[in-house]
Amino acid sequence: MTRSQRVPTAHRSSSKDFTRETGSRTFAVQEVLVREAYRGTAGAGTSRLLHETLFAERDEERATLLVDPTRSGGRLKAVYESWGYRNIGEQQPFEDSPVFATMVRDPLHQ
């Protein structure tokens, strides 16, 4: 298993169902950025509103994303956790990239 394919021990026993994909089961969130003036408390929930509005139109069962757990001193990962994501492992897509936390939100609509 390569560095980019790490699966935590807790999910290995049920990995057949956990990793099963149909082409429409999982929505991958990638590179959603909010301008600095609208981040944090100054943005009064702009990021969350954008995130939930995007999901409102989706039919997938769950969503996944990668986040650098060291970004913002861990605050960004904590934000995703507060939105219903849980950490399921880690990935390093490229040798020179950070090791990202792999997160999933299941069910998608909460």
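The values are calculated or read from the model by the stated rules, or taken from the named source; none is laboratory data. Because the structure is a prediction, the values reported are computed rather than measured. Note that each Cβ is placed from the backbone with ideal geometry, even for glycine, and that neighbours are counted across all protein chains shown.
Tabulated data
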item	result
Subset of segment 7-57 [at pLDDT 85 or above, within 22 Å of S72 (Cβ to Cβ) and among the acidic types (D, E)]	E52
Conditions (1) surrounded by 10 or more Cβ atoms within 10 Å (Cβ to Cβ); (2) of a type outside the set (D, E, K, R); (3) touching a strand residue (DSSP E or B) at 6+ places or on another chain (Cβ under 8 Å); (4) at pLDDT 85 or above; number of the one not met by S4	(4)
Search result, residues across segment 26-38 that are farther than 14 Å from M103 by Cβ and surrounded by 14 or more Cβ atoms within 10 Å (Cβ to Cβ)	V34, Y38
Set A44, A101: member being surrounded by fewer than 16 Cβ atoms within 10 Å (Cβ to Cβ) and not β-branched (V, I, T)	A44
Members of segment 51-76 found to be of a type in the set (A, V, I, L, M, F, W, C) and exposed (fewer than 15 other Cβ atoms within 10 Å of the Cβ), listed by number	L54, A56
Single unsatisfied condition, L108 versus (1) in contact with an Asp or Glu (Cβ under 9 Å, 6 or more places away or on another chain); (2) modelled with pLDDT of 95 or more; (3) of a type in the set (A, V, I, L, M)	(2)
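Yes/no matrix, rows are residues, columns are (1) over 11 Å from the mean Cα position of the chain (by Cα); (2) modelled with pLDDT under 95; (3) aromatic (F, W, Y):
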{"residue": "K77", "(1), (2), (3)": "no, yes, no"}
{"residue": "Y85", "(1), (2), (3)": "no, no, yes"}
{"residue": "P93", "(1), (2), (3)": "yes, yes, no"}
{"residue": "V99", "(1), (2), (3)": "yes, no, no"}
{"residue": "V104", "(1), (2), (3)": "no, no, no"}
